[in-house]
Amino acid sequence: MTTITTSADAPVAKALPIVPEEVTKEWLAEVLGLKIKSVELTDAIHGTASKVFFTITYDESETAVEKPEKICIKGGFNPSLTAAIPLLIDIYRREALFFANIAPKLTSMHLVKSWWAGEDERQGLVIMEDLSKKNYTFGKVKEPWTPDMVKKALEELAVLHGTTWNQGPKDYPWLKSHYDEAVLGMLPAINYGQFVIDPERPPLPEPMRDQARVEAMLKKHFANRNPKFMCVIHGDCHIMNASVSPQGQIGLVDWQMLDSGGCFHDVAYFITGSLTVEDRRAHEMDLLQHYLDMLYKYGGPKLSAKDEDVIHEYTKSVFSGIGWIVATTQMQPIEILYPMIERYVVGIEDHKVVDLLESLP
């Protein structure tokens, strides 16, 4: 069994909890290294991953200055779901490994505070602060952001990318990509030919109604990643995975799709999905240049939005929105999917992404 920890204490040797009831005061005292009097389960939100909320009361003899009272433990607390979809265990473990191995190096990012992270062959858990108790809010698809808010999110991405520039599985052996296979596997799974003509969904341009053409474009997109732009990427950086503090500071959450890949996957994906079409058209290149300036500040190379290879890779990466375009209503409600699909489809058309991808070897 492999278990890691972010604390200075020795790793926990026994299996991690897989149902909320297994999160006992004894287990929490062990992983946090604190004297705990009682633990109360206060709430649980179950989705692809579970977020389970607890209130901790400490023993009177505990003298630590920093000790969390209200925590969120994120991971796989739905055994029937992981039994049906075992691949989910990998994404829980991936997020825990991010908080243990990479997050401590991202000192300029506004990450949620994590108190401990661990993983084993059945589970990945992160003990983090409960942002809802600090009056944080999260982005909403139906409330597009202003260019200034997007700029702040791009600064967060610049820290991640710049700090991990040219890093990947050679540095973190557990960071092996599964994104390509997951996206390609979605097309036959949803009966693509009928799916794309569903009248409840936004219409797609003719080339994107053909499953064989979309598969071919995806394979070319994946095969032609420019290695000079590789780093650790968030992987699923959209507006709902961004938090806003009461002071207006932007942070990124949900690191389960963490991957190694081209930096512009995150950048094009976030810009296209977070702005209205009109704002994206008016501010896209300025936002891209701001990201590149911040990337250089945080350890990446000096690049310009006028560089041909930058524009080529950014344009190609707008196709990263395909994950939303083929998402089902079992994944997100149609009122969320509809505006996101429209934004990515228009972005793909504006940038002539289909022509670019089909021209690639």
What do you reckon, is Arg225 modelled with pLDDT under 95, in a loop (DSSP other than H, G, I, E, B), within 30 Å of Gly299 (Cβ to Cβ) and of a type outside the set (Ser, Thr, Tyr)?
yes
Can you say whether Ser243 is touching a residue at least 12 places away in the same chain (Cβ under 8 Å) and in contact with a Gly (Cβ under 6 Å, 6 or more places away or on another chain), as far as the supplied structure shows?
yes
Which numbered condition Lys140 fails, given (1) surrounded by fewer than 20 Cβ atoms within 10 Å (Cβ to Cβ); (2) charged (D, E, K, R); (3) outside any helix (DSSP H, G or I); (4) over 17 Å from the mean Cα position of the chain (by Cα):
(4)
Residue hits (the stretch 320-336; of a type outside the set (Ser, Thr, Tyr), crowded, with 17+ Cβ neighbours inside 10 Å and in a helix (DSSP H, G or I)) are Gly321, Ile322, Gly323, Trp324, Ile325, Ile336
Looking only at the stretch 228-287, and only at residues there that are under 12 Å from the mean Cα position of the chain (by Cα) and of a type in the set (Asp, Glu), the one that is surrounded by the fewest Cβ atoms within 10 Å (Cβ to Cβ)
Asp259
Candidates Leu187, Leu157, Leu175, Leu131 - the one that is over 25 Å from Leu218 (Cα atoms) and among the aliphatic types (A, V, I, L, M)
Leu131
Determine if the stretch 198-205 includes at least one residue that is among the acidic types (Asp, Glu) and in contact (Cβ under 8 Å) with a residue 60 or more places away in the chain.
yes
Selection over the stretch 95-112 where residues are farther than 15 Å from Ile18 by Cβ and in a helix (DSSP H, G or I) yields a count of 10
Please state which one of Ala29, Ala64, Ala117, Ala15 is outside any strand (DSSP E or B) and either among the aromatic types (Phe, Trp, Tyr) or surrounded by 18 or more Cβ atoms within 10 Å (Cβ to Cβ) (or both).
Ala29
Could you identify the single residue in Ser304, Ser317 that is free of Cβ contacts under 8 Å to residues at least 24 places away in the same chain and either within 25 Å of Thr164 (Cβ to Cβ) or part of a loop (DSSP other than H, G, I, E, B) (or both)?
Ser304
Under 7 Å between Cβ atoms, which residue pairs at least 6 apart in sequence (or on different chains) link something in the stretch 85-113 that is farther than 23 Å from Ala182 by Cβ with a partner that is of a type in the set (A, V, I, L, M, F, W, C) and part of a helix (DSSP H, G or I)?
Leu106/Val159; Leu106/Leu160; Ser108/Val159; Met109/Val159; Met109/Leu160; Leu111/Ala103; Val112/Leu131
Of all residues making up the stretch 143-177, the number that are part of a loop (DSSP other than H, G, I, E, B) and of a type in the set (D, E, K, R)
4
Within the stretch 288-301, how many residues are in a helix (DSSP H, G or I) and not basic (Lys, Arg)?
9
Per-region count, the stretch 119-141, residues out of contact with any Pro (no Cβ under 7 Å at 6 or more places or on another chain) and more than 19 Å from Thr42 (Cα to Cα):
10
Looking at this structure, is Pro339 part of a loop (DSSP other than H, G, I, E, B), in contact (Cβ under 8 Å) with a residue 60 or more places away in the chain, farther than 18 Å from Leu184 by Cα and not β-branched (Val, Ile, Thr)?
no
Can you confirm whether Met285 is in a helix (DSSP H, G or I), in contact (Cβ under 8 Å) with a residue 60 or more places away in the chain and among the hydrophobic types (A, V, I, L, M, F, W, C)?
no
Does at least one position in the stretch 87-94 carry a residue that is surrounded by fewer than 20 Cβ atoms within 10 Å (Cβ to Cβ), at pLDDT 90 or above and outside any helix (DSSP H, G or I)?
no
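The values are calculated or read from the model by the stated rules, or taken from the named source; none is laboratory data. Not measured: the values here are computed from a predicted model. Backbone-built Cβ (ideal geometry, glycine too); neighbour counts: all protein chains shown.
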